[in-house]
1. Filter the stretch 154-174 for residues that are more than 14 Å from the chain's Cα centre (by Cα), part of a loop (DSSP other than H, G, I, E, B) and not small (Gly, Ala, Ser); which is farthest from TYR52 (Cα to Cα)?
2. Do you know which of the residues in the stretch 1-26 that are among the polar types (S, T, N, Q) and open to solvent by less than 50 Å² (accessible area, probe 1.4 Å) is nearest to LYS157 (Cα to Cα)?
3. So, in the stretch 45-64, of the ones that are in a loop (DSSP other than H, G, I, E, B) and in contact with a Lys or Arg (Cβ under 6 Å, 6 or more places away or on another chain), which residue ends up nearest to CYS138 (Cα to Cα)?
4. Considering only residues that are acidic (Asp, Glu) and not in a strand (DSSP E or B), look in the stretch 98-133 and name the one that is farthest from PHE145 (Cα to Cα).
5. Among the residues of the stretch 43-55, is any touching a helix residue (DSSP H, G or I) at 6+ places or on another chain (Cβ under 9 Å) and open to solvent by less than 30 Å² (accessible area, probe 1.4 Å)?
6. Within the stretch 25-36, identify whether any single residue is in contact (Cβ under 8 Å) with a residue 12 or more places away in the chain and in a strand (DSSP E or B), and answer yes or no.
7. Within the stretch 91-98, does at least one residue satisfy the condition of being under 22 Å from TRP130 (Cβ atoms), open to solvent by 40 Å² or more (accessible area, probe 1.4 Å) and within 16 Å of the chain's Cα centre (by Cα)?
8. Are any residues in the stretch 104-147 open to solvent by less than 30 Å² (accessible area, probe 1.4 Å) and more than 20 Å from GLU25 (Cβ to Cβ), and if so, which ones?
Amino acid sequence: MRYGMVIDLDRCTGCDTCITACKYENNLALGNRNCRVSVVGPQGTFPDIKQYWLPVACQQCENPGCIDVCPTGASYRDEETGVVLVDSANCIGCLSCMEGCPYGGRYLDEATNTVGKCTLCFQNHDEPDWKPVCVADCCTGARLFGDLDNPSSEVSKAIAAAGENVHYLADPANLKPTTAYILSPKIGQWED
């Protein structure tokens with residue numbers, strides 16, 4: 001099993017519900033967030049203008065640089081689900097994992113001097129219909145969640161159906177991010 005996310009940028013409206021729901025669910029302090037949403041564009045020349053919103057959180061990489069550089073083992077992958085996590089009891093706030101993540105998917109919680117990140121709402125992983133709150137609360141249905149290794153999962157089917165319109169964030173360090181983005185040319189030209 002390897003749980004991950006697909007985000008359909010053709011549907012995302014940049015409403016920030018994902019950010020708000022996550023902050024509430026995870027009781028994040030002011031200034032801390034597990035996800036950010038950036039606007040890409042506008043692209044083109046009037047009247048042919050295109051624009052899209054790009055939500056970015058932990059990319060749940062296959063080869064996570066954050067785990068490789070963590071000196072205490074606080075950054076690790078759950079063996080059962082494949083989710084990249086942080087054990088706050090072992091985190092010393094050294095920021096090595098933040099330097100090992102080129103996607104800005106981590107933050108330092110100054111109140112606890114530990115690093116936080118998106119956990120795909122791992123605290124709920126024992127529930128039968130486990131899904132991150134950002135997926136459950138997305139008002140446009142732009143976010144999908146499931147087992148990337150299961151060809152019959154919703155995420156695998158969405159990736160297969162989107163074909164050449166599936167994109168991943170740039171990967172110069174060969175970390176192999178698994179969060180897939182769907183973007184069709186009618187909405188915008190992929191940039192990251």
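The values are calculated or read from the model by the stated rules, or taken from the named source; none is laboratory data. Bear in mind that the values here come from a model prediction, so they are computed numbers and not experimental data. Note that we place each Cβ from the backbone using ideal geometry, even for glycine, and neighbour counts take in every protein chain shown. Heads up: the accessible areas ignore ligands, DNA and RNA and are worked out on the full protein's heavy atoms, side chains in. Shrake-Rupley method; radii C 1.70, N 1.55, O 1.52, S 1.80 Å.
1. The selected residue is ASN174.
2. Keep residues of the stretch 1-26 that are among the polar types (S, T, N, Q), which gives 13, 17, 20, 26.
Subset that is open to solvent by less than 50 Å² (accessible area, probe 1.4 Å): 17, 26.
Details: THR17: 25, ASN26: 29 Å.
Here the residue is THR17.
3. Restricting to residues being in a loop (DSSP other than H, G, I, E, B) and in contact with a Lys or Arg (Cβ under 6 Å, 6 or more places away or on another chain), the top hit is CYS58.
4. Going through the stretch 98-133, the residues acidic (Asp, Glu) turn out to be 99, 109-110, 126-127, 129.
Narrowing the set further to residues that are not in a strand (DSSP E or B) leaves 99, 110, 126-127, 129.
Numbers: GLU99: 27, GLU110: 30, ASP126: 15, GLU127: 14, ASP129: 11 Å.
Among residues in the stretch 98-133 that are acidic (Asp, Glu) and not in a strand (DSSP E or B), the one farthest from PHE145 (Cα to Cα) is GLU110.
5. First pass over the stretch 43-55, keeping only residues touching a helix residue (DSSP H, G or I) at 6+ places or on another chain (Cβ under 9 Å): 55.
Now restrict to residues that are open to solvent by less than 30 Å² (accessible area, probe 1.4 Å): 55.
Yes, some residue in the stretch 43-55 is touching a helix residue (DSSP H, G or I) at 6+ places or on another chain (Cβ under 9 Å) and open to solvent by less than 30 Å² (accessible area, probe 1.4 Å).
6. yes
7. Step one: filter the stretch 91-98 for residues under 22 Å from TRP130 (Cβ atoms), giving none.
No; the residues of the stretch 91-98 include none that is under 22 Å from TRP130 (Cβ atoms), open to solvent by 40 Å² or more (accessible area, probe 1.4 Å) and within 16 Å of the chain's Cα centre (by Cα).
8. ASP147
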